[in-house]
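Asks: Take a look at the following structure, please.
The values are calculated or read from the model by the stated rules, or taken from the named source; none is laboratory data. On a predicted model such as this, the values are computed, not experimentally measured, just so you know. Neighbour counts run over all protein chains shown; Cβ positions are idealised from the backbone, glycine included. Ligands, DNA and RNA are stripped out before the accessible areas are found, and what is left, the full protein with its side chains, is counted by its heavy atoms. Shrake-Rupley method; radii C 1.70, N 1.55, O 1.52, S 1.80 Å.
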Amino acid sequence: MERLAAQLAATATRPWTLMEVCGGQTHAIVRWGLDQLLPEGIRLIHGPGCPVCVTPAATLDAALDLARQPEVILCSYGDMLRVPGSRSGDDLLGVRAAGGDVRLLTSPLQAIALAQSHPDRLVVFLAVGFETTAPATALLARQATALKLANLALLPAHVRVVPAMEAILNGPDNQVQGFLAAGHVGAVMGTAELQGLVQRQGVSVVISGFEPVELMAGILRCVQLLEAGESAVANAYGRVVLEGGNPEAQQLIEAVFEVVDQPWRGLGVIPAGGLALRPAYAALEVGHHRPQLLEQPQPSAAQQPQESQEPQHPPVCIAGQILRGVRRPCDCPAFGSSCTPEHPLGAPMVSSEGACAAYHRYRPN
Ligand code: SF4
């Protein structure tokens with residue numbers, strides 16, 4: 001680490017601002033104090049790479065409405081169960097405490113067994129995540145269709161990372177000159193999408209791992225590219241990421257989902273920022289399956305509202321600015337006082353990948 005930090009200091013001749021896209025990387029950076037090892041002028045800002053944080057409030061509100069229905073078993077990944085909705089302030093665990101049937105899954109395929117063992121109930125899987133979890137949801141959709149399961153439905157909210165990176169670059173308050181791209185997304189998608197981004201935007205992108213030394217090596221490589229005036233994709237996570245990614249996972253995504261414009265919480269509608277079920281699988285979407293169960297019919301991803309119409313976090317919460325890297329968690333007046341992991345006001349404090357949770361855990365003052 002010291003050698004890499006010294007190399008970085010010797011390389012940088014001017015200030016540079018880099019964004020690590022992934023919330024897992026944010027946690028590692030804050031936990032190990034990597035940002036404090038950087039030479040003066042090299043600044044890391046935190047990106048929107050936390051699927052729990054960017055899932056639109058409208059989707060979460062729909063999940064809460066569904067979980068209150070006696071007919072429904074609502075299931076999702078653990079962190080999603082603790083994100084407050086926008087209308088009542090309830091989260092899914094609160095709905096469970098009030099009698100709703102809410103289950104935590106570690107794999108979407110567990111929803112199949114749940115549906116088979118509860119034929120008189122409707123199992124709804126709230127499907128969130130980036131290209132890393134989309135293949136498993138695609139597999140669930142395929143298996144549910146093949147098994148002709150009539151009591152399994154999806155509330156899909158999968159998002160795509162590269163369009164979000166492009167939206168940040170195109171934003172009026174953009175500060176990013178180089179990205180550290182998430183290694184696990186790269187392991188699935190390879191480098192092709194990032195090459196397109198680099199060619200369109202003239203930015204430098206380095207795919208990085210999650211260990212401290214891998215992150216420091218990624219930062220050094222990115223600064224080397226910037227200092228050389230090169231717009232390129234570099235892979236500093238070669239032990240995991242292949243140029244072509246994982247073709248089987250890509251084929252699964254391609255077969256089940258189509259690319260759509262999608263709202264991200266805090267970032268507005270991102271062109272090509274999401275994945276919707278293809279027509280062949282659309283009957284699995286809960287809005288098609290049992291529209292009467294949604295108080296307000298859940299719009300398809302392509303029909304989602306603009307940011308201004310989207311239910312927001314409480315007014316004090318600056319999650320949108322944090323997800324764009326414009327401000328830091330400690331800039332929020334509620335940080336550590338009215339907003340804590342035990343009583344979160346916004347998703348970035350809930351999620352194990354959220355930036356506010358990272359600062360609260362590792363750098364509370
Ligand atoms: S500290 Fe809490 S209220 Fe403030 S931005 Fe983070 S999640 Fe929102």
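The rows are residues; the columns are (1) out of contact with any Leu (no Cβ under 8 Å at 6 or more places or on another chain); (2) within 14 Å of V21 (Cβ to Cβ).
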{"site": "H184", "(1), (2)": "yes, yes"}
{"site": "G190", "(1), (2)": "no, no"}
{"site": "Q195", "(1), (2)": "yes, no"}
{"site": "S204", "(1), (2)": "no, yes"}
{"site": "I207", "(1), (2)": "no, yes"}
{"site": "E211", "(1), (2)": "yes, no"}
{"site": "L215", "(1), (2)": "no, yes"}
{"site": "G218", "(1), (2)": "no, yes"}
{"site": "V223", "(1), (2)": "no, no"}
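Asks: Within the range 179-192, is there a residue that is within 28 Å of I253 (Cα to Cα), part of a loop (DSSP other than H, G, I, E, B), among the hydrophobic types (A, V, I, L, M, F, W, C) and out of contact with any Lys or Arg (no Cβ under 6 Å at 6 or more places or on another chain)?
Replies: No, every residue in the range 179-192 fails to be within 28 Å of I253 (Cα to Cα), part of a loop (DSSP other than H, G, I, E, B), among the hydrophobic types (A, V, I, L, M, F, W, C) and out of contact with any Lys or Arg (no Cβ under 6 Å at 6 or more places or on another chain).
Asks: Could you check how many residues of the range 29-58 are in a helix (DSSP H, G or I) and either at pLDDT below 90 or open to solvent by less than 10 Å² (accessible area, probe 1.4 Å) (or both)?
Replies: The number of residues fulfilling the criteria is 9.
Asks: Further, regarding this structure: Restricting to the range 29-65, count the residues that are among the aromatic types (F, W, Y) and on the phi > 0 side of the Ramachandran plot.
Replies: Total satisfying the criteria: 0.
Asks: Condition first: modelled with pLDDT of 90 or more and more than 10 Å from the ligand (Cβ to nearest atom). Now tell me which residues in the range 322-365 satisfy that.
Replies: Matches in the range 322-365: A358, R361, Y362.
Asks: While we're on this one: Could you check the range 84-134 and list, in sequence order, the residues that are under 17 Å from L64 (Cβ atoms), of a type in the set (V, I, T) and part of a helix (DSSP H, G or I)?
Replies: V95
Asks: Continuing with the same structure: Suppose the filter is over 26 Å from P39 (Cα atoms) and part of a helix (DSSP H, G or I); does H158 pass it? Reasoning before the result, please.
Replies: Values: over 26 Å from P39 (Cα atoms): yes; part of a helix (DSSP H, G or I): no.
No; evaluated as a whole, the condition is false for this residue.
Asks: Okay, next question. Given the conditions (1) closer than 21 Å to G24 by Cβ; (2) open to solvent by 10 Å² or more (accessible area, probe 1.4 Å); (3) in a helix (DSSP H, G or I); (4) of a type in the set (A, V, I, L, M), report the number of the one that V240 does not fulfil.
Replies: (3)
Asks: Which numbered condition trips up V124, out of (1) open to solvent by 30 Å² or more (accessible area, probe 1.4 Å); (2) in contact with a helix residue (DSSP H, G or I) (Cβ under 8 Å, 6 or more places away or on another chain)?
Replies: (1)
Asks: Only residues that are surrounded by fewer than 15 Cβ atoms within 10 Å (Cβ to Cβ) and within 8 Å of the ligand (Cβ to nearest atom): list them for the range 309-321, please.
Replies: Passing the criteria: P314, V316.
Asks: Condition first: outside any strand (DSSP E or B), under 19 Å from the mean Cα position of the chain (by Cα) and surrounded by fewer than 22 Cβ atoms within 10 Å (Cβ to Cβ). Can you find one or more residues in the range 215-236 that meet it?
Replies: No, that holds for no residue.
Asks: Now, a different point. Could you identify the single residue in A10, A67 that is over 30 Å from L122 (Cα atoms) and either of a type in the set (G, A, S) or open to solvent by less than 50 Å² (accessible area, probe 1.4 Å) (or both)?
Replies: Answer to the check: A10.
Asks: Does any residue of the range 83-92 turn out to be open to solvent by less than 10 Å² (accessible area, probe 1.4 Å) and out of contact with any strand residue (DSSP E or B) (no Cβ under 9 Å at 6 or more places or on another chain)?
Replies: The answer is yes, given that some residue of the range 83-92 is open to solvent by less than 10 Å² (accessible area, probe 1.4 Å) and out of contact with any strand residue (DSSP E or B) (no Cβ under 9 Å at 6 or more places or on another chain).
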